[in-house]
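**Q** Provided herewith is a single structure, encoded as C-alpha cells, for subsequent inquiry.
Readers should treat all values here as calculations from the given coordinates under stated rules, not as data from a laboratory. Note that the structure is a prediction, hence the values are computed from the model and not measured. Cβ atoms come from the backbone with ideal geometry, glycine included; neighbour counts cover every protein chain shown.
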Amino acid sequence: VKAVDYNSVSEEKEIVIHIAPPWYATAGAQIIYIVIVALLAFLFAMYVRQRYRSRQKMMEHQHAREINEAKLQLFMNIAHEIRTPMSMIISPLGKLVAADEDPGRQKSYHVMKRNAERILNLINQLMDVRKIDKGMMVLKFQEIEIVSFVRDLYTYFEYQAKAKNINFNFYTDTEAQCLWIDPKNFDKVIINILSNAFKYVRENGIIDIHLAVVSKSNEKDNLHACFEIAISDNGIGIKEEEREHIFERFYQIRNSYNNSNISTGIGLHLTRSLVELHHGKIWVENNEGGGSRFIVRIPLGSAHIKKEQVEDNPDLIQRQERPVNLSINADTKLQEKNRSKSKYRVMVVEDDEEIRQYICRELSSDYHTAGYVNGK
Ligand code: ADP
C-alpha cells in the first residue's frame, strides 16, 4: 500500500489480508460434497443393478408363464381330444343299458357309464375353469323360473338318494320365483354342491335343499334383494379354518372320504367362479344338525346384467344333457319301438368320422339322414 499526495509518494507498506473461505467452500464442505457424490453414484449404481435384476426376474417370470401356458394349452388340447372318445363310450353304453335286460350286465354297464361320466365331467370342469381364467366364459342370462329349475335337479339326484338310503328333502318358501341366470352354467353350481353333499354324507344321512327369497343383506353377501339356495348335509362337516380354502383351486381336505374317490379340488373353485359371474355370493357355514351348509345367493332382477349378456334366443336353449338313470331308460326303449320314420331329412355336419356315423345311425330310425364333413 502506498499513499500518493500530488508529487510526493509515501513508502510502500505491505499488508497481508487473509480471506477465510465461505462455509460452502471449506475443506469440510468439500469432503461432504465428495461423500454425497460418492453416495449418489453408489445409489445410482444400486438402482441400475436393481432395475436390471427385476427386469431379469420379470423376463424369467414371463418365460415361466409362457412355458406354463404352453403346457396348459397342451393339456387342454389333450383333454379336449379325450372328450370325443369319452362321449363315444357313454352314448353307446346308454343304448346297451336300455337294450340289455340281463341284471348282471346291467350292473357292469352302470359302473362303466358312471365312471366314464365322471371323467367326462372332470374334463368339462377343467375346460370351464380354463375358459373363466382366460375371460372367455361369457354367460348368457335369461329369466328362469328358479323353483322348478332346482326341483328338476332335485329329481335328478333322487335316484342316488334312494340307492344310498339318504333322506333327501326339497323345501321352498315360495312356489315360483323368476331369476336371471345362465341355465347352462347355473345347474353346474347346484350339481357340484349336491354331488359333494352326497359324497360326504354318511349312509342314512340327511340332505336338504331350501329355497327362499331374502330381502335383507348381511355382512357376507352385501346383496339386497336376492334368491337363496341353501344345501345342507349332516355329513362330516368342514372345520372353521378350512372354510375359505375349499373354494381355492385344487384345494382338498385330506380325509378318508376323498382319498378313495376321483377327487381334484376343482369343483368348488368352479362353483364359486360361476356364482361370481352371476354376481352372486357363495359361502359355507355349520349346519345346525352337524355337517355343512352351502349358501348361494343370486341377486333378483336384471339391473346388474349387461345388455350383451342377455340371451337373444331363450327358446332355443336346451338344458344340458345329464346322465340318465336306469329307471328312465326302460321307457325310452318302449318309445323307440313305436317310432316310425318321419318325413324330415336331417343333415349331420361333423368332422369326426366316427361321431358323424354314430349320430346318423342314432337318428336313422326317425329321420332320413345325410352326413357331411363340413358346412361347405
Ligand atoms: P373335490 O370334492 O374334488 O375334492 P371340491 O372343490 O368339490 O373338490 O371340494 C373341496 C374340498 O371341500 C373337498 O376335498 C372336501 O374335503 C370339502 N368339501 C366339499 N363339500 C363338502 C361337504 N358337503 N362336506 C364336507 N366336506 C366338503
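**Q** Taking the mean number of other Cβ atoms within 10 Å as a proxy for protection, how do you rank 302-313, 114-125, 16-27, 348-359 from highest to lowest?
**A** 114-125, 348-359, 302-313, 16-27
**Q** Separate question: Taking the chain as the reference, fit the longest principal axis to its C-alpha atoms, fit the long axis of helix 267-277 to the helix C-alpha atoms, and give the angle between the two in degrees, 0 to 90, nearest 10.
**A** Approximately 70 degrees, to the nearest ten.
**Q** Around Gly289, with a cut-off of 15 angstrom between Cβ atoms, what is the net charge of the other residues, counting Lys and Arg +1 and Asp and Glu -1?
**A** Once all neighbours under 15 Å are counted, the net charge is -2.
**Q** So what's Rg/Rh here for the range 8-104, counting alpha carbon atoms and using the Kirkwood radius for Rh?
**A** We get a ratio of 1.84 for the range 8-104.
**Q** Please list 3J(HN,Hα) in residue order for the range 284-290, calculated via the Karplus relation 6.51 cos²θ - 1.76 cosθ + 1.60 where θ = phi - 60°; whole Hz, with x for glycine and proline.
**A** 10, 9, 5, 7, 4, x, x
**Q** Please order Glu143, Glu69 by the number of other Cβ within 10 Å, starting at the fewest.
**A** Glu69, Glu143
**Q** Sum -39500 (n - 2.57) across every DSSP H segment of at least 4 residues in the chain, then divide by the residue count to get the 222 nm mean residue ellipticity, nearest 500.
**A** Taken over the chain, the calculation gives -16500 deg cm²/dmol.
**Q** Just want to confirm a number: the relative contact order over the chain, from Cα pairs under 8 angstrom separated by 6+ residues, in percent.
**A** Relative CO of the chain lands at 12 percent.
**Q** How much net charge surrounds Ser108 when only other residues with a Cβ under 13 Å from its Cβ are counted (Lys, Arg +1; Asp, Glu -1)?
**A** +2
**Q** With springs only between Cα atoms under 10 Å apart, run a GNM on the chain and tell me which of Arg49, Arg249, Arg293 wobbles the most.
**A** Judging by the Gaussian network model, the answer is Arg49.
**Q** Would you mind ranking Leu179, Leu277, Leu43 so that the residue whose beta carbon has the fewest other beta carbons within 10 Å leads the list?
**A** Leu43, Leu277, Leu179
**Q** Another question, then. I'd like the FRET efficiency for Phe250 and Tyr159, computed as 1/(1 + (r/R0)^6) with the beta carbon distance as r and R0 of 51 Å, rounded to 0.05.
**A** For R0 = 51 Å, the calculated efficiency reads 0.95.
**Q** Sort 85-96, 184-195 by packing, meaning the average of other beta carbons within 10 Å per residue, with the highest value first.
**A** My ranking of the peptides, most packed first, is 184-195, 85-96.
**Q** Then there is this: If one takes the longest principal axis of the Cα atoms in the chain, at what angle in degrees, from 0 to 90 and to the nearest 10, does the Cα axis of helix 146-163 lie?
**A** Here the helix axis deviates by roughly 70 degrees.
**Q** If neighbour count is taken as other Cβ atoms inside 10 Å, put Asp133, Asp233, Asp182 in order from fewest to most.
**A** Asp133, Asp182, Asp233
**Q** Let me ask something else about it. Based on the alpha-carbon gyration tensor of the chain and its eigenvalue square roots a ≥ b ≥ c, which shape applies: rounded if a/c is under 1.5, prolate if not and a/b is larger than b/c, or oblate?
**A** prolate
**Q** What does the charge count near His210 come to, summing +1 for each Lys or Arg and -1 for each Asp or Glu among other residues with Cβ under 11 Å from its Cβ?
**A** -2
**Q** Enter the angle in degrees (range 0 to 90, nearest 10) between the Cα long axis of helix 326-338 and the first principal axis of the Cα atoms of the chain, meaning the one along which they spread out most.
**A** Computed tilt is about 60 degrees.
**Q** Below 22 Å, Cα to Cα, which lysines can Lys2 reach? Residues fewer than 8 away in the same chain don't count.
**A** Lys13
**Q** From the cross-link list Lys216/Lys307; Lys140/Lys184; Lys107/Lys162; Lys131/Lys376; Lys71/Lys131, which pairs have alpha carbons spaced over 19 Å apart?
**A** Lys216/Lys307; Lys131/Lys376
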